[in-house]
Each structure stands twice: as C-alpha cells, then as structure tokens.
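Colleague: Can you keep this structure in mind? I'll have questions shortly.
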Amino acid sequence: MNTEHERRLTVRLDGEPIYDIVLTETFSGLGEELKKLGCEKKKLCIVTDSNVAAIYLEEIKKVASDCCRAVTSYVFPAGEENKNLDTVRGVYEHLIENKFDRKDYLIALGGGVVGDLCGFTAATYLRGVGFIQIPTTLLSQVDSSIGGKTGVDFDAYKNMVGAFHMPKLVYTNVSVLKSLPEEQFSNGMGEVIKHGLIRDKAYFEWILENLDTIMERKPEVLRPLVEGSNLIKREVVEIDPTEQNERATLNFGHTLGHAVEKLMDFKLLHGHCVALGTLAAMNLCAKRGLVSEIDVERYRLSMERCHMPMKISGLSAKDIIAATKNDKKMEAGVIKFILLDQLGHAYIDRTVTDEEMEQALSSIM
Ligand code: GLY
C-alpha cells in the first residue's frame, strides 16, 4: 500500500512485471505515473467518447499536458455501434496527421467500448504503440481494462476483430463510480459478482454482506470492491494471458448470456446478460448437484438487490440454444461451457447438453 487511498497491483507475465494497476480516488497522481513511463518525451493522444469527453477530457488533458511533450485528443460518438473499423480509421488518420511515431502513446479514457477500440488501434498502428487505460465505468474498472484483450465489432459480430495488447498502465480512479448512472453501476456488478463465484468464495460473501453499502456507492467500499475483482482477474490473466485454458473460466454465464445479448440486438446491457446467463448456469450446476439450491437463491437475491433484470422476454429457449452454437468461443464445434464444481471454483465443461441448457433457461424466462 502506498498511501491510505492508493493501491498498486503489478500484473506479471512469466514472473516479469508488465504493467501496474493503480487504484486511487483522484486523477491527481496521474502525472507522476506518466512521468514514470517516460511520457515527458512522448506525444499522447487521449481517445474517448462524446459522453466521457464532456466530463473528464479537460481534466485529463491538463494533467497530461503538464508532463508530456504534446497532448491531442480524438473524440468519437458514444455507443457500441461506433466500436468498429471506421472509428479506428478515424483515429489512425488523426495519429498520422499529428505525426505520432512508435514511441508515442494512446490513452483510453472511458468504458469498455473506448478501452477495446483504443487498445486495438494501439495494437495495430505502426505494428503496435503503447497505451494506457483510464477506465471510467465499473465494468471497465473490474474487467475490460485488465488483461490486454482489445478489439472491435465487425458488422453484427461482437469483438470479431482484435488482438492481445497489454496496456502500459491501468489508472483507476474509483471516485468516478459515484456519478455513474445507476444502470451502468448495476451492469458492472454482473461481472463483479461473477468474479467471486468463479474464484473466491470469501469475496462473494463479502459482497453479499456489504451489498447495501456497495449499491449506495459509499467511498469506503468502492476501492475494496474494485480491488477484490482486480485481484481475481489479475490472477487469471497471469496464469493464462491468451485464453488457452484457465482464462475461459472468466466466461462463466457468457455462453447463454452472449446468446441473449445477441438475440436482443445488444439492447440489454452486457453485464446484465452475463448475470442472467450466470443465473441459468447456476441452476444447471445445482441440477448436477455441484452447488446447492441455497447458493442459487443467494445469487438470485444478489441480482435483485443490484437491480438487475431477472427475466428475459420475447425470446425462445430454442433460439437462444441455437445462438450459442455460433459463439466464437466454441472449439471444434463443441461448446466450452463454464460451470462451478463448488461456489468459488469454476471449470470448463464440454458435456453440457441442449436439454440441460433448455432446463436452465427456464429459470430466466
Ligand atoms: N472479459 C473476459 C476476459 O478478459 O478474458
């Protein structure tokens, strides 16, 4: 611990430190972090969307301008529909016009869409330049900013084009969560609770015990909440950075969740779809005798307390199951379904049948 209000988690690959996650409650320490990365000699381009730019761009620009050679920004219209190669092209043009070279950095300031798109641009511009994540939503702070997955959607295919490209720094100011729209906070909670279920029962129990304070976003719980999730995600991506095996356990709830998300034309938030998929998967686990009915009920109640949607309507189980077969996480035509063999431990299962999925779906329909 560096100060009472700051934590630093180092992400290592093969034992070598690759980047730090700085968890703090202000943007005031960002300048020091940029200096440590040698930014005095670099140009920086802050990539962000129209929503986030209106709130944080000027502040970040000011901090960065005080310690970098030059700072520019590229703002694109907010929305998943802009997470595509056209927007990436716009950023490339901006970087070329402003003569960015291989030593210069990009900053992803925003939620998952910005982080994924900026990261992908950084992975491919001049065969790869450095980038920094400044995540501003709960979902991006606990999940998408960590682990180097970058990418964009291609036509109707989500995250179809991408690359693994590790950031140089993740700078997480948890105080921004206080002003996040409630729906967005609830969205992030889908991934937060999932982290506890797949890897850390004690963290899951802590969330349940503190759920009222968490949902009130009391400052004393925000940092431990994000830190607990970051520790779990870090552990998984250090073991398996390119998702050969273990990292797939992060996809708990995603097989059915993604199918629902796609069939709903992405009108339901990602974290909510994952939570619904998780509830169905928990029911499947209970049916196999892997977790207890009480565990399923505790999870269901946690969703309710996080104001998540509890049911989907307008879709058929048949269509959802059919959509799971197109998931890009299939392997040689077999679905890699993530199950729990106990609360707090996930594993990859290749034997889940359509009948089991249909039965599990009945709990969310
Ligand atoms: N969001 C899942 C992963 O990073 O692997």
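Colleague: Given the conditions (1) away from the ligand (no atom under 12 Å from the Cβ); (2) under 16 Å from the mean Cα position of the chain (by Cα), which single one is not true for ARG223?
Modeller: For ARG223, the failing item is (2).
Colleague: If you don't mind, there's one more thing I want to ask. Which one of the conditions (1) outside any helix (DSSP H, G or I); (2) closer than 14 Å to ILE193 by Cβ; (3) free of Cβ contacts under 8 Å to residues at least 40 places away in the same chain does GLU304 fail to meet, given that it meets all the rest?
Modeller: (1)
Colleague: Now for a separate question. Given the residues THR249, THR278, which is the only one that is within 16 Å of the ligand (Cβ to nearest atom), closer than 17 Å to ASN187 by Cα and assigned to a helix (DSSP H, G or I)? Show your work before the answer.
Modeller: On the way: THR249 fails: closer than 17 Å to ASN187 by Cα.
None of the others qualify; the one that does is THR278.
Colleague: Just a yes or no: is a residue in segment 284-293 within 16 Å of the ligand (Cβ to nearest atom) and surrounded by fewer than 22 Cβ atoms within 10 Å (Cβ to Cβ)?
Modeller: Taking segment 284-293 and keeping what is within 16 Å of the ligand (Cβ to nearest atom), we get none.
There is no residue in segment 284-293 that is within 16 Å of the ligand (Cβ to nearest atom) and surrounded by fewer than 22 Cβ atoms within 10 Å (Cβ to Cβ).
Colleague: When the residues of segment 115-155 are narrowed to those that are among the hydroxyl-bearing types (Ser, Thr, Tyr) and more than 15 Å from the ligand (Cβ to nearest atom), which ends up surrounded by the fewest Cβ atoms within 10 Å (Cβ to Cβ)?
Modeller: First, the residues of segment 115-155 that are among the hydroxyl-bearing types (Ser, Thr, Tyr): 121, 124-125, 136-137, 140, 144-145, 150.
Going one step further and asking which of them are more than 15 Å from the ligand (Cβ to nearest atom), we end up with 121, 124-125, 136.
Values: THR121: 27, THR124: 17, TYR125: 21, THR136: 27.
Once the filter is applied, the top-ranked residue is THR124.
Colleague: Against the conditions (1) free of Cβ contacts under 8 Å to residues at least 12 places away in the same chain; (2) on the phi < 0 side of the Ramachandran plot, where does GLY257 fall short? Just the number, please.
Modeller: The number of the failed condition is (1).
Colleague: Turning to a different aspect of this structure: Within segment 126-138, is even one residue over 29 Å from VAL192 (Cβ atoms), part of a helix (DSSP H, G or I) and either at pLDDT 95 or above or touching a His at 6+ places or on another chain (Cβ under 7 Å) (or both)?
Modeller: First, pick out the residues of segment 126-138 that are over 29 Å from VAL192 (Cβ atoms): 126-129.
Subset that is part of a helix (DSSP H, G or I): 126-127.
Adding the requirement that they be either at pLDDT 95 or above or touching a His at 6+ places or on another chain (Cβ under 7 Å) (or both) leaves 126-127.
Among the residues of segment 126-138, at least one is over 29 Å from VAL192 (Cβ atoms), part of a helix (DSSP H, G or I) and either at pLDDT 95 or above or touching a His at 6+ places or on another chain (Cβ under 7 Å) (or both), which makes the answer yes.
Colleague: Among the residues that make up segment 228-241, is at least one of them within 15 Å of the ligand (Cβ to nearest atom) and without any contact (Cβ under 8 Å) to a residue 24 or more places away in the chain?
Modeller: First, the residues of segment 228-241 that are within 15 Å of the ligand (Cβ to nearest atom): 229-241.
Adding the requirement that they be without any contact (Cβ under 8 Å) to a residue 24 or more places away in the chain leaves 239-240.
Among the residues of segment 228-241, at least one is within 15 Å of the ligand (Cβ to nearest atom) and without any contact (Cβ under 8 Å) to a residue 24 or more places away in the chain, which makes the answer yes.
Colleague: Which of the residues spanning segment 156-180 are under 24 Å from GLU32 (Cα atoms) and either within 15 Å of the ligand (Cβ to nearest atom) or in contact with a Cys (Cβ under 9 Å, 6 or more places away or on another chain) (or both)?
Modeller: HIS165, MET166, PRO167, VAL170
Colleague: Given the options VAL47, VAL71, name the one that is part of a strand (DSSP E or B), over 22 Å from the mean Cα position of the chain (by Cα), farther than 29 Å from GLU220 by Cβ and hydrophobic (A, V, I, L, M, F, W, C). So that I can check it myself, show each step before the final result.
Modeller: Values: VAL47 fails: over 22 Å from the mean Cα position of the chain (by Cα).
None of the others qualify; the one that does is VAL71.
The values are calculated or read from the model by the stated rules, or taken from the named source; none is laboratory data. Source: prediction; values computed, not measured. Ideal geometry is used to build each Cβ from the backbone, glycine not excepted, and the neighbour counts take in all protein chains shown.
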